[in-house]
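Comments concern the structure below.
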Amino acid sequence: MNKLRVLLADDHKVVREGLKLLVNSQPDMEVVGEADNGRAAVALARELKPQVVVMDVSMPELNGLEATERLMRSYPEIKVLTLTRHADDGYLQQLLRAGASAYVLKLSAADELVRAIRAVVAGKIYLDPEMTEHVVEAAVGGRAIRGPSADKELSKREGDVLRFTALGYANKEIAARLSISVRTVEAHKANAMQKLGMKSRIDIVRYAILRGWLSDT
């Protein structure tokens, strides 16, 4: 059985050791490399081609946000799972915009990390349950979208495109799943975002949480 290849990036050796034990204890996962700063994480990802990078946000040389942006520009097929102590919607927004597929808090139970790795490999977005509460509060507070009834304005196809976008699928993948062109996907997404007053990917994720689209992650 081919195991999921995981790269760990954290500047604290004791944290990396704990993560390594956790990941390697899974029968279908293995740690293929470790980095203690963001620059080393990008270089090792280029060399080792992992499927998932578990990325600490606060690291020297390049922080987790900068490292994620560089990885996504060069290797968009790699899934970045950010691991942080910051339960802050601002960090979440920046990292999702950069292309991260998961946001897990260091204070959460160990099984959250394993669950997140499996989710991102399956092509989904994963948010720590505590962060989900933050996102919902922000959305209900009116900072992101108009409200849960707004989906009545969407066509079925627009809703499908938003749902797949929230789950982390690229436009090309959505087009293949729905048997439509990439240009049509882009048009449906733009129309849906305009109808709902959305400005960014984080708005789509917030909306998806309110709709329950991410509840199976």
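The values are calculated or read from the model by the stated rules, or taken from the named source; none is laboratory data. As the structure is a computational prediction, the values presented were derived from the model and not from experiment. Positions of Cβ are backbone-derived with ideal geometry, glycine not excepted, and every protein chain shown enters the neighbour counts.
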Review point. For A67, are the conditions met, namely being closer than 20 Å to S200 by Cα, touching a strand residue (DSSP E or B) at 6+ places or on another chain (Cβ under 9 Å) and crowded, with 18+ Cβ neighbours inside 10 Å?
Key: no
Study note, to complete from the structure: Of (1) over 16 Å from R5 (Cα atoms); (2) modelled with pLDDT of 80 or more; (3) in a helix (DSSP H, G or I), V104 fails just (3)
Study note, to complete from the structure: Of the conditions (1) modelled with pLDDT under 85; (2) loosely packed, with under 13 Cβ neighbours inside 10 Å; (3) of a type in the set (G, A, S), the single one that A166 does not satisfy is (2)
Check your understanding: Taking segment 6-36 only, how many residues are among the charged types (D, E, K, R), crowded, with 17+ Cβ neighbours inside 10 Å and either in a strand (DSSP E or B) or touching a residue at least 60 places away in the same chain (Cβ under 8 Å) (or both)?
Key -> 2
Practice item. Return the only residue of A98, A102, A110 being assigned by TED's automatic domain parsing to the domain that holds R46, touching a residue at least 60 places away in the same chain (Cβ under 8 Å) and touching a helix residue (DSSP H, G or I) at 6+ places or on another chain (Cβ under 6 Å). Key: A110
Practice item. Go through (1) touching a Lys or Arg at 6+ places or on another chain (Cβ under 9 Å); (2) closer than 25 Å to N171 by Cα; (3) surrounded by fewer than 18 Cβ atoms within 10 Å (Cβ to Cβ) and name the single condition V52 misses. Key: (3)
Study note, to complete from the structure: Residue set K152, K156; condition over 16 Å from L81 (Cα atoms) and modelled with pLDDT of 85 or more; output residue K156
Revision key, fill the gap. By residue number, the members of segment 169-203 that are surrounded by fewer than 18 Cβ atoms within 10 Å (Cβ to Cβ) and either among the hydrophobic types (A, V, I, L, M, F, W, C) or assigned by TED's automatic domain parsing to the domain that holds S101 (or both) are A170, A176, L178, I180, V182, A187, A190
Study note, to complete from the structure: Reported set for segment 73-98 where residues are crowded, with 18+ Cβ neighbours inside 10 Å and at pLDDT 85 or above is I78, K79, V80, L81, T82, L83
